[in-house]
């Protein structure tokens, strides 16, 4: 006759083993995280009262994109601080004809993300994201915010919205 304590311990060990196997199988089905190079956001300023120059809020928008992508668990960020930008030939990445993909590939990334804030007026803006495959240079996604109102300090909110509502759900349907 088996001791009840021994029997319960044995059942617990078997249950733990089965739970671990199920977790391993689920992890094996999950795709590997995508290595992405998120380049500093650029400003496209169409505002009539434009002061020119860059806005300090672009850095906040860039950091928000990095934070949201990393938090998704589907992306691993590749540092772009030491990127050789000579392929852009002194122009904005959005205008360099796909050079961001080659720059990202040299950094070891699978994808490149360019973010552009189009400022229409002091309170109207649009956040646009373009994600390219670093190997082929092909544009994988072109996305834009639905948020169009708010001062420049709200650009990061537009970034968060695009990533949460468009980038992350797209990943879920690609499986």
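Observations
- Matching residues in the range 28-46 - criterion: being farther than 18 Å from residue 78 by Cβ and at pLDDT 80 or above: 42, 43, 44, 45, 46
- Scanning the range 129-153 for residues that are over 25 Å from residue 107 (Cβ atoms) and in contact with a strand residue (DSSP E or B) (Cβ under 8 Å, 6 or more places away or on another chain) yields 144, 145, 147, 148, 149, 150, 152.
- Exactly one residue out of 142, 175 is outside any loop (DSSP other than H, G, I, E, B), surrounded by fewer than 18 Cβ atoms within 10 Å (Cβ to Cβ) and either modelled with pLDDT under 95 or out of contact with any helix residue (DSSP H, G or I) (no Cβ under 6 Å at 6 or more places or on another chain) (or both): that is 142.
- The single condition from (1) outside any strand (DSSP E or B); (2) touching a strand residue (DSSP E or B) at 6+ places or on another chain (Cβ under 8 Å); (3) surrounded by 15 or more Cβ atoms within 10 Å (Cβ to Cβ) that residue 108 fails is (3).
- Per-region count, the range 113-138, residues touching a residue at least 40 places away in the same chain (Cβ under 8 Å) and in a strand (DSSP E or B): 10
- Filter result (surrounded by 15 or more Cβ atoms within 10 Å (Cβ to Cβ) and without any contact (Cβ under 8 Å) to a residue 40 or more places away in the chain) within the range 158-167: 161, 162, 166
- Residue list for the range 119-139, restricted to those being surrounded by 15 or more Cβ atoms within 10 Å (Cβ to Cβ), under 19 Å from the mean Cα position of the chain (by Cα) and over 16 Å from residue 38 (Cβ atoms): 126, 137
- Residue selected from the range 67-112 under the condition free of Cβ contacts under 8 Å to residues at least 40 places away in the same chain and closer than 14 Å to residue 33 by Cβ, by the criterion farthest from the chain's Cα centre (by Cα): 71
- The residue that is surrounded by the most Cβ atoms within 10 Å (Cβ to Cβ), counting only those in the range 53-63 that are farther than 14 Å from residue 37 by Cα and at pLDDT 90 or above, is 61.
- All conditions but one from (1) modelled with pLDDT under 90; (2) in a loop (DSSP other than H, G, I, E, B) apply to residue 80; the one that does not is (1).
The values are calculated or read from the model by the stated rules, or taken from the named source; none is laboratory data. The structure displayed is predicted, hence computed values, not measured ones. Note that we place each Cβ from the backbone using ideal geometry, even for glycine, and neighbour counts take in every protein chain shown.
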